[in-house]
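The values are calculated or read from the model by the stated rules, or taken from the named source; none is laboratory data. For clarity, every value in this text was computed on a predicted model and none was experimentally measured. Cβ placement follows ideal geometry from the backbone for every residue including glycine, while neighbour counts extend to all protein chains displayed. These area figures cover heavy atoms from the full protein model, side chains too; ligands, DNA and RNA do not enter into them. Shrake-Rupley method; radii C 1.70, N 1.55, O 1.52, S 1.80 Å.
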Amino acid sequence: MFGYVLPRKDKLSQEDYRRYRAAYCGLCCCLKERYGFRGRFLVNYDMTFLYFLLKSGKRAQTARCFCPANPFCRKDCVARDSAMDYAADMSVLLSYWKLRDAERDGKRLHRFAARLALRFYRGSYRRAAQRRPKADRLFGEKLEQLHRLEQANCPSLDRTADAFASLLKGCAVYFEDEPERRAAELLLYHTGRFLYLADALDDLPQDVKANAYNPLRYRYALENGALCPEDKTRLLETIDASIGLAATALELLPPREDGAILTNIIYYGLPAVLHSVAAGTFRKRSKK
């Protein structure tokens, strides 16, 4: 369900795009420092977005760092701080619970792969859970709720999307200031709702073919395994409404040094991803 929260590169300045890439590489380095080399495989664009949301105050400095994916070239990396540590911990916890979900609900091969990955990341998960016990409990509860709804073939988009959106909303516990936390909760909730519904639309053809659960299969009457134009329009409207509410929440947050990147992701990146998913041309880039 991750890999959809991306910036729109052509709407970013060169400086802001370099800054975004430096934060992505900084998150990769932070995962390595906190969880060992295996932690690098959990870096993703969605948690890079979370870092920019969490980061307030003075802009973090960048430094040159080694990149194992391109060992002959050093990369700019945003320096590690409390916001980066938190984003790294959330990357581990969310990845672990996502694997737990795949172990229960995926195809046989996917379940086997998820089981191996769970063993590989068991130590990393335990460290992250010790550091963020409240978030870990919330993620487990919400994914269990989502699992029960999926097992019941729930036709409600609101109930299933709410379970996942509430999970992402829980990341806002990082904020100590209550007004700021409430605005961040609203932003993360509707970003999570966008994620869940965009993923459902993106995966619909494969889920129909595999006879796997997808809320759109039970909410709408499909035509040859696809949504009819009227239903698709209604679905896109409700997803677009969540993007709009996320944008409203962003305006309630105090200004950030890297605010242009957050604005780009919410105002340009999410609509561009939704358009691409609706057109069937989106290619997920959860990893570099």
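I'd like the residue in region 147-161 that is within 27 Å of Gly280 (Cβ to Cβ) and open to solvent by less than 50 Å² (accessible area, probe 1.4 Å) and, out of all such residues, is nearest to the chain's Cα centre (by Cα). It comes out as Ala161.
Screening the candidates Arg59, Arg64 for the property of being of a type outside the set (Asp, Glu), open to solvent by 60 Å² or more (accessible area, probe 1.4 Å) and not in a loop (DSSP other than H, G, I, E, B) yields one hit, Arg64. Here Lys142 meets each of (1) more than 25 Å from Tyr35 (Cβ to Cβ); (2) among the charged types (D, E, K, R); (3) open to solvent by less than 50 Å² (accessible area, probe 1.4 Å) with one exception, condition (1). Residues in region 249-258: is at least one of a type in the set (Gly, Ala, Ser), within 30 Å of Val78 (Cα to Cα), modelled with pLDDT of 95 or more and touching a His at 6+ places or on another chain (Cβ under 6 Å)? Looking through region 249-258, none of the residues is of a type in the set (Gly, Ala, Ser), within 30 Å of Val78 (Cα to Cα), modelled with pLDDT of 95 or more and touching a His at 6+ places or on another chain (Cβ under 6 Å). In this structure, is Leu270 in contact (Cβ under 8 Å) with a residue 40 or more places away in the chain and either at positive phi or not charged (D, E, K, R) (or both)? Against the criterion (in contact (Cβ under 8 Å) with a residue 40 or more places away in the chain and either at positive phi or not charged (D, E, K, R) (or both)), Leu270 qualifies. With respect to the conditions (1) open to solvent by 10 Å² or more (accessible area, probe 1.4 Å); (2) among the aromatic types (Phe, Trp, Tyr); (3) in contact with a Leu (Cβ under 7 Å, 6 or more places away or on another chain), Phe52 lacks only one, and its number is (1). One residue stands out among those in region 227-270 that are under 25 Å from Asp10 (Cβ atoms) and among the acidic types (Asp, Glu): the one that is surrounded by the fewest Cβ atoms within 10 Å (Cβ to Cβ), which is Glu251.
Taking into account only those residues within region 39-49 that are assigned to a helix (DSSP H, G or I), of a type in the set (A, V, I, L, M, F, W, C) and in contact with a helix residue (DSSP H, G or I) (Cβ under 8 Å, 6 or more places away or on another chain), which is surrounded by the most Cβ atoms within 10 Å (Cβ to Cβ)? Lay out the reasoning, then the answer.
Restricting attention to region 39-49, the residues satisfying the condition of being assigned to a helix (DSSP H, G or I) are 39-42, 45-49.
Keeping just the survivors that are of a type in the set (A, V, I, L, M, F, W, C) gives 41-42, 47, 49.
With the extra rule that they be in contact with a helix residue (DSSP H, G or I) (Cβ under 8 Å, 6 or more places away or on another chain), the set shrinks to 42, 47, 49.
Values: Leu42: 23, Met47: 27, Phe49: 25.
Ranking the candidates gives Met47 first.
Among the residues of region 155-181, those identified as without any contact (Cβ under 8 Å) to a residue 60 or more places away in the chain, charged (D, E, K, R) and part of a helix (DSSP H, G or I) are Asp158, Arg159, Asp162, Lys169, Glu178, Arg181.
Taking into account only those residues within region 194-203 that are in contact (Cβ under 8 Å) with a residue 60 or more places away in the chain and among the charged types (D, E, K, R), which is surrounded by the fewest Cβ atoms within 10 Å (Cβ to Cβ)? First the steps, then the outcome.
So the first thing to find is which residues in region 194-203 are in contact (Cβ under 8 Å) with a residue 60 or more places away in the chain, and the list is 194-196, 198-199, 201-202.
Now drop any that are not among the charged types (D, E, K, R), which leaves 199, 202.
Numbers: Asp199: 18, Asp202: 22.
Residue satisfying both the conditions and the ranking: Asp199.
Once region 74-114 is narrowed to residues that are modelled with pLDDT under 95, part of a helix (DSSP H, G or I) and of a type in the set (Asp, Glu), the residue that is nearest to Leu168 (Cα to Cα) is Asp101. Do we have any residue at all in region 175-193 that's among the polar types (S, T, N, Q) and open to solvent by 10 Å² or more (accessible area, probe 1.4 Å)? No, region 175-193 contains no residue that is among the polar types (S, T, N, Q) and open to solvent by 10 Å² or more (accessible area, probe 1.4 Å).
Annotation note: Cβ proximity below 9 Å between a residue of region 1-24 that is on the phi > 0 side of the Ramachandran plot and open to solvent by less than 20 Å² (accessible area, probe 1.4 Å) and a residue that is polar (S, T, N, Q) and at pLDDT 95 or above (sequence gap 6+ or interchain) occurs for no pair.
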